[in-house]
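Please read the structure below before turning to the comments.
Read-outs: derived from the displayed coordinates by stated rules, not from any lab. Everything quoted here is computed from the prediction, not taken from an experiment. Don't worry about glycine lacking a Cβ; one is built from the backbone with ideal geometry, like all the others, and counts go over all protein chains shown.
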Amino acid sequence: MAINGLHHAAISTPNIDRLMKWYNDNFGFEEVSRSEWPSGSDQIDDVVGLKSSSAKQGFLKCGNIMIEFFEYSSPEPELMDKNRPVNNHGHTHVCVDVTNIEEEYDRLVKNGVTFHAPPQDFGEVKATYGRDIDGNVFELQEIIAKDHPARVF
């Protein structure tokens, strides 16, 4: 196999500037690139499975993974329920791995970020879910066990 690993997750937003700034301000993600494409880009339409699509696009990098952001201007996107439950099918969340979850949680709460609950201790892992400015769910996680197979750093 020639699989290198996961490269990025993507989020569609009604305001790319605002959402990318939110992730940069709250997590320090580094902006890598921005671009856009006009309606009538058949090659892109084929890839995304849309007709006459146009959008702004941007990437933020965080450690070993990136988040891609899209702001579609066509076709007209449907608004997302800001309280969309995580049990609905499809994308549920992105996870941000931290080394001191209580400190990061307190800092984010002071920044106005909302969470479903304070960090919970599951033994080898502490975690909680929060919502970004658009209502997308993110997980804040700290892997406590130094030999845990899911550690990324």
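May I ask you to sort ASP134, ASP121 by Cβ crowding, counting other Cβ atoms within 10 Å and putting the fewest first?
ASP121, ASP134
Using Cα positions and a limit of under 19 Å, work out the aspartates and glutamates in reach of LYS126, with same-chain residues fewer than 8 apart set aside.
Answer for LYS126, where 19 Å is the Cα cut-off: ASP97, GLU102, GLU103, GLU104, ASP106, GLU139, GLU142, ASP147, listed by chain and number.
Among residues other than HIS8 whose Cβ falls under 12 Å from its Cβ, what is the net charge (Lys/Arg +1, Asp/Glu -1)?
Neighbour charge sum, excluding HIS8 itself: 0.
Want the number for GLU76 to HIS93: 0.36 nm per residue separation, take away the alpha-carbon distance, what's left?
Going from the current span to full extension adds 3.8 nm.
Give me the mean projected area, in nm² to one decimal, of the convex hull enclosing the Cα positions of the range 31-128.
Result: 8.7 nm².
Kirkwood hydrodynamic radius (Cα pairs, Å) of the range 92-153?
Result for the range 92-153 stands at 11.9 Å.
Take every DSSP beta bridge whose two residues both sit in the chain, then give the antiparallel share in percent to the nearest 5.
That works out to approximately 75 percent antiparallel.
Where does the range 1-78 land on Rg/Rh, using Cα atoms and the Kirkwood Rh?
A ratio of 1.01.
With charges only on Cβ, +1 for K and R and -1 for D and E, what is the dipole size of the chain about its Cα centre, in debye, rounded to 20?
100 debye
If you line up the long axis of helix 16-27 against the longest principal axis of the chain, both from Cα atoms, how many degrees apart are they, to the nearest 10?
20 degrees
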